[in-house]
Amino acid sequence: MTSESPSLPGTDPTSGPPPGCPAHGLGAGGAQRLYGPDAEDLDSLYERLREQHGPIAPVLLHDDVPMWVVLGHAENLQLVRSPSQYTRDSRLWTPLREGMVKPDHPLMPHIAWQPICSHAEGDEHERLRDAVTAAMATIDQRSVRRHIGRHTQGLVNGFCERGRADLVSQFAEHLPMAVMCEVLGMPEEYNDRMVQAARDALKGTETAIQSHAYVMDALSRLTTRRRDRPDDDFTSHLITHPAGLTDDEVREHLRLVLFAAYEATANLLANALRMVLTEPGFRAQLNGGQMTVPEAIEQSLWDEPPFSTVFGYFAKQDTELAGRRIAKGDGLLFAPAPGNVDPRVRPDLSASMQGNRSHLAFGGGPHECPGQDIGRAIADVGVDALLTRLSDIQLDCAEEDLRWRSSIASRHLVSLPVRFEPKPQQDVGLPPRAMPVPAQRSNWQVGTLSSDPAPAPEPQPVPARSAPLPQAVPPALPDPEPTRPRGLWRRLTRWWRGD
């Protein structure tokens with residue numbers, strides 16, 4: 001590797017300056033470690049690297065394995081859109097070829113080459129990618145949105161009567177798995193165990209191998225079943241595509257789609273809900289109609305992309321990126337998180353990004369995420385339905401008490417505790433309805449609640465109203481009849497049910 005390359009074999013990561021020293025966290029040659037105590041706040045670390053090195057910086061992975069991290073927005077796009085110069089085939093990676101990356105390296109599951117479209121090149125990439133893209137194109141988006149709505153209703157029913165919930169463990173981690181099991185054609189596999197197995201496998205815990213095996217066993221059964229009896233689902237269309245994927249190729253791509261969609265969308269849901277609950281201006285724009293839920297989701301994708309970095313891209317030849325010499329075999333991290341806050345693209349991070357979808361959250365080039373529309377739909381419908389049913393929802397802890405589990409690849413919100421006035425369950429086959437908030441107040445409620453003496457025993461859907469008048473003014477009586485035609489409600493109900 002070149003003199004500018006972060007290639008530093010034989011470095012002892014335990015040696016070096018003591019904590020507090022400006023050089024602490026650096027390896028030989030000054031490359032910054034992306035692990036250890038000095039890399040706990042990666043967002044700040046990336047900004048320091050940007051100041052020191054510009055849009056691309058030399059870094060060290062675990063065991064002081066050298067890598068480049070791409071920090072600039074334009075440079076990240078150049079990386080993913082230059083297949084003639086960079087590949088995702090890690091077998092070209094010099095540290096791997098030279099034995100620096102051990103088989104038990106903690107990032108090996110992310111880096112190791114696999115026979116899937118995202119690691120393939122040329123004709124093989126085209127064959128596999130065409131099969132995945134064609135299978136994705138058969139998904140009925142209206143049907144998917146109905147699945148999302150039904151599962152959202154069911155999940156909210158599970159905690160709406162209690163008045164408290166954790167929107168990470170009880171909602172954000174469940175909704176994507178429920179929907180993806182429907183899309184793949186295995187709704188019977190969705191349960192708490194499947195959710196736990198996916199989370200465990202992605203976290204890389206001591207039981208990650210067993211959890212991964214549990215998920216793969218379910219995908220193997222699905223592949224065998226659909227090979228014998230095709231149906232109208234993603235798996236069947238993948239199997240019957242003219243590309244002729246083998247059972248192993250089908251299983252590996254089902255795993256890729258399931259894990260990628262699940263991980264990205266669970267993070268997206270949690271991040272978007274946190275923004276709604278903790279940023280008053282954000283919620284005010286939603287409530288006031290200045291921002292739609294889909295626009296709010298796009299803002300979240302700019303500010304907190306589901307994946308901070310993606311492992312990895314590898315130079316197929318000696319080349320140059322942002323004025324730095326990149327040697328053949330060098331590895332580079334595609335980095336949406338620092339790329340999305342590149343000051344050349346976003347000089348004012350507080351400015352709204354409404355209408356701008358040029359973020360890096362879903363990658364780009366030949367390996368751009370093919371399932372991003374499903375991820376957006378899960379977030380759009382799920383967030384909207386939850387906020388409709390729990391309109392008085394509030395964060396149930398101090399914002400500074402929220403905790404994240406961070407890694408180089410992503411940043412997970414550990415929990416998102418909320419509180420609200422208990423609400424009745426609703427029919428999962430119907431669209432979500434806003435329920436009147438009971439008249440009694442509690443210590444934590446903020447704002448003005450209705451002064452009606454008691455809610456009706458059977459609340460019916462009502463048109464949206466402006467805030468109630470102050471207590472000194474008698475409240476307005478309810479309208480004798482809904483203003484919208486009854487036929488419209490019936491048509492909406494039939495659409496929701498898929499009739």
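The values are calculated or read from the model by the stated rules, or taken from the named source; none is laboratory data. Note that the structure is predicted; figures quoted are calculated from it, not measured. Here Cβ is always computed from backbone atoms with ideal geometry, including for glycine, and neighbour counts include all displayed protein chains. The protein model used for the area step is the full one, side chains on, heavy atoms only, and it has no ligands, DNA or RNA in it. Shrake-Rupley method; radii C 1.70, N 1.55, O 1.52, S 1.80 Å.
Only one of these conditions is not met by PRO230: (1) of a type outside the set (D, E, K, R); (2) without any contact (Cβ under 8 Å) to a residue 40 or more places away in the chain; (3) in a helix (DSSP H, G or I); (4) open to solvent by 40 Å² or more (accessible area, probe 1.4 Å). Which number is it?
All conditions pass for PRO230, except number (3).
Tally up the residues in region 233-272 that are aliphatic (A, V, I, L, M), open to solvent by less than 10 Å² (accessible area, probe 1.4 Å) and over 28 Å from ARG419 (Cβ atoms), please.
Going through region 233-272 one residue at a time, the tally reaches 5.
State all residues of region 412-421 that are surrounded by 14 or more Cβ atoms within 10 Å (Cβ to Cβ) and either touching a helix residue (DSSP H, G or I) at 6+ places or on another chain (Cβ under 6 Å) or assigned to a loop (DSSP other than H, G, I, E, B) (or both); if no residue qualifies, say none.
Hits for region 412-421 are LEU413, SER415, LEU416, PHE420, GLU421.
Working only within region 370-385, note down all residues that are in a loop (DSSP other than H, G, I, E, B) and among the basic types (Lys, Arg).
Correct list: empty.
Starting from region 39-54, keep only residues that are under 12 Å from ARG411 (Cβ atoms) and open to solvent by less than 30 Å² (accessible area, probe 1.4 Å), then list their pairs with residues that are of a type in the set (Asp, Glu) and modelled with pLDDT of 95 or more whose Cβ atoms are within a distance under 8 Å, requiring at least 6 positions of separation or different chains.
none
Would you say GLU182 is in a helix (DSSP H, G or I), open to solvent by 60 Å² or more (accessible area, probe 1.4 Å) and not polar (S, T, N, Q)?
When the stated conditions are applied, GLU182 does not pass them.
Give region 337-369 a look and list any residue that's in a loop (DSSP other than H, G, I, E, B) and under 14 Å from the mean Cα position of the chain (by Cα), or say none.
Matches in region 337-369: HIS359, LEU360, ALA361, PHE362, GLY363, CYS369.
For region 208-227, name all the residues that are small (Gly, Ala, Ser), at pLDDT 95 or above and either under 15 Å from VAL195 (Cα atoms) or open to solvent by 60 Å² or more (accessible area, probe 1.4 Å) (or both).
ALA218
In region 109-153, what count of residues is obtained for those that are under 19 Å from the mean Cα position of the chain (by Cα) and of a type in the set (Lys, Arg)?
Residues that pass the stated criteria total 1.
Which residue out of SER143, SER118 is assigned to a helix (DSSP H, G or I) and not basic (Lys, Arg)?
It is SER143.
Just checking, which of ILE116, ILE111 is under 21 Å from VAL310 (Cα atoms), in contact with a strand residue (DSSP E or B) (Cβ under 6 Å, 6 or more places away or on another chain) and either free of Cβ contacts under 8 Å to residues at least 40 places away in the same chain or among the hydrophobic types (A, V, I, L, M, F, W, C) (or both)?
On inspection, the qualifying residue turns out to be ILE111.
Being open to solvent by less than 30 Å² (accessible area, probe 1.4 Å), over 30 Å from GLN394 (Cα atoms) and either touching a residue at least 40 places away in the same chain (Cβ under 8 Å) or assigned to a helix (DSSP H, G or I) (or both) narrows it down to one of ALA198, ALA131, so name that one.
ALA131
Identify all residues within region 48-64 that are at pLDDT 95 or above and among the aliphatic types (A, V, I, L, M); write none if there are none.
Passing the criteria: LEU49, ILE56, ALA57, VAL59, LEU60.
Give region 273-314 a look and list any residue that's open to solvent by 10 Å² or more (accessible area, probe 1.4 Å), assigned to a loop (DSSP other than H, G, I, E, B) and closer than 21 Å to LEU175 by Cβ, or say none.
THR292, GLU304, PRO305, PHE307, listed by residue number.
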